[in-house]
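Worksheet: one structure, shown below.
The values are calculated or read from the model by the stated rules, or taken from the named source; none is laboratory data. Because the structure is a prediction, the values reported are computed rather than measured. Because the Cβ atoms are built from the backbone with ideal geometry, glycine has one as well, and the counts that use them run over all protein chains shown.
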Amino acid sequence: MKKNTSNEQSPTPPESILQLLQIVAGDTSLGSDFSQAWVIREFQPGEDLNGDSNDNDNFLYLIRQGQVCLWGFDATLGREVSTQLLLEAQTFGGEHLFDHQTLPYRAIAASAGCVAQIAISDLKQCLNRIPNLESDLQLFTYQQQALIFFKTHTKLRSLSNSTLEELLSYLVAMKITTGSSLREATAPAQGRFWLAGGRIDNSEQIGDSWIYPDVTLSDAIAQTNVLVYHLSIEHSESVKAITPDLFPQQPETAQRKNLPIIQIPLPVPGITEQPDYSKIDFYESGNQPKSKAKVWTNYL
């Protein structure tokens, strides 16, 4: 197999992923059963790595060599678009291990290489053997899903993948529980919002965006658990260099209140004061290697 000569370099992955690579290479310190559960699969450029069985739900894939491009379907454009280029030591698949409502994608080989795959049923039995493995994989999944959503469901699809990834570092994901008022849950936090998943009882659609307090939502009630991305007004000046149209006018800052929602922050540069929510901090993109080139289905 030809060695990958691309200039793309993968930053050092988290310790949990390094341990996975050692196990795949034959390290049986965590038990021979875990080591033997991995299957090595070589691939060639253009090969569909997850389409034959269509079961990302059933396997986790770890790239040992080469590059894999993720493709999501953009209904507005009527075609698939590239959302992220994965490098060595990155993972894909197994999304339903962390969230049952995810956007689909295809993983297409962008070069020759090989992946190690493991059945989710086997992975579950070994998650507690490697510190932070479950949380690391969960954070990688959230970041991939965010990239797919913005690239396929929003007007930000015109941004390059690398630019979009830079913008994501300023975002916070808000999970709003069934029966909550969308207006009450989001209004105290000023800035721009995107409806990313779930079902509400008004005309708002997945991918819709609004600015508070410039635009006040009707009193929509979440019919299911709802996912909303929030870009704080505090970052308006920072994101102008990325995309200047997100904040055409700056509303005055209002005091925030505690809300009955769960927030999952994406990587935020520097230290930014956040509301006192239960949080799962995303790693900065360096821990899950960046893409050179750089999705949630409706909650049912």
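Could you tell me whether any residue of the stretch 79-100 is among the hydroxyl-bearing types (Ser, Thr, Tyr), surrounded by fewer than 20 Cβ atoms within 10 Å (Cβ to Cβ) and at pLDDT below 95?
So the first thing to find is which residues in the stretch 79-100 are among the hydroxyl-bearing types (Ser, Thr, Tyr), and the list is 82-83, 91.
This time we only want the ones that are surrounded by fewer than 20 Cβ atoms within 10 Å (Cβ to Cβ), so: 82.
Remaining after also requiring at pLDDT below 95: none.
No: zero hits.
Being surrounded by 12 or more Cβ atoms within 10 Å (Cβ to Cβ), on the phi < 0 side of the Ramachandran plot and not aromatic (Phe, Trp, Tyr) is the filter here, so list the residues in the stretch 52-66 that pass it. Of everything in the stretch 52-66, those that are surrounded by 12 or more Cβ atoms within 10 Å (Cβ to Cβ), on the phi < 0 side of the Ramachandran plot and not aromatic (Phe, Trp, Tyr) turn out to be Asp55, Asn56, Asp57, Asn58, Leu60, Leu62, Ile63, Arg64, Gln65. Within the bounds of the stretch 200-212, is there any residue that is over 28 Å from Val81 (Cα atoms), modelled with pLDDT of 50 or more and hydroxyl-bearing (Ser, Thr, Tyr)? The answer is yes; a qualifying residue exists.
Return the total of residues in the stretch 176-198 being of a type in the set (Lys, Arg) and surrounded by fewer than 19 Cβ atoms within 10 Å (Cβ to Cβ).
Here is the first cut: in the stretch 176-198, the residues of a type in the set (Lys, Arg) are 183, 192.
Now restrict to residues that are surrounded by fewer than 19 Cβ atoms within 10 Å (Cβ to Cβ): 183.
Matching residues across the stretch 176-198 total 1.
The set of residues from the stretch 176-190 being in contact with a strand residue (DSSP E or B) (Cβ under 7 Å, 6 or more places away or on another chain) and either at pLDDT below 90 or in the same structural domain as Asp74 (by TED's automatic domain parsing) (or both) comprises Ser181, Leu182, Ala185, Thr186, Ala187, Ala189, Gln190.
Scanning the stretch 156-178 for residues that are in a helix (DSSP H, G or I) and of a type in the set (Gly, Ala, Ser) gives Ser158, Ser162.
Can you confirm whether the stretch 130-153 contains a residue that is assigned to a strand (DSSP E or B) and surrounded by fewer than 17 Cβ atoms within 10 Å (Cβ to Cβ)?
We begin by selecting, within the stretch 130-153, every residue assigned to a strand (DSSP E or B); these are none.
Checked the stretch 130-153: no residue is assigned to a strand (DSSP E or B) and surrounded by fewer than 17 Cβ atoms within 10 Å (Cβ to Cβ).
Going residue by residue through the stretch 163-173, is there one that turns out to be farther than 22 Å from Gln84 by Cβ and not β-branched (Val, Ile, Thr)? Let's see the steps before the verdict.
So in the stretch 163-173, the residues farther than 22 Å from Gln84 by Cβ come out as none.
No, because not a single residue in the stretch 163-173 is farther than 22 Å from Gln84 by Cβ and not β-branched (Val, Ile, Thr).
Could we say that Asp122 is outside the structural domain of Gln205 (by TED's automatic domain parsing) and in contact with a strand residue (DSSP E or B) (Cβ under 9 Å, 6 or more places away or on another chain) here? So Asp122 fails the test. It is to be established whether one or more residues within the stretch 27-41 are out of contact with any helix residue (DSSP H, G or I) (no Cβ under 8 Å at 6 or more places or on another chain) and basic (Lys, Arg). Yes, the stretch 27-41 contains at least one residue that is out of contact with any helix residue (DSSP H, G or I) (no Cβ under 8 Å at 6 or more places or on another chain) and basic (Lys, Arg). Taking the stretch 92-123 as the range and being over 21 Å from Glu134 (Cα atoms) and of a type in the set (A, V, I, L, M, F, W, C) as the test, the residues that pass are Ala107, Ile108, Ala109, Ala110, Ala112, Cys114.
Determine whether the stretch 152-167 contains at least one residue that is under 19 Å from Gln19 (Cα atoms), out of contact with any strand residue (DSSP E or B) (no Cβ under 8 Å at 6 or more places or on another chain) and not acidic (Asp, Glu). No.
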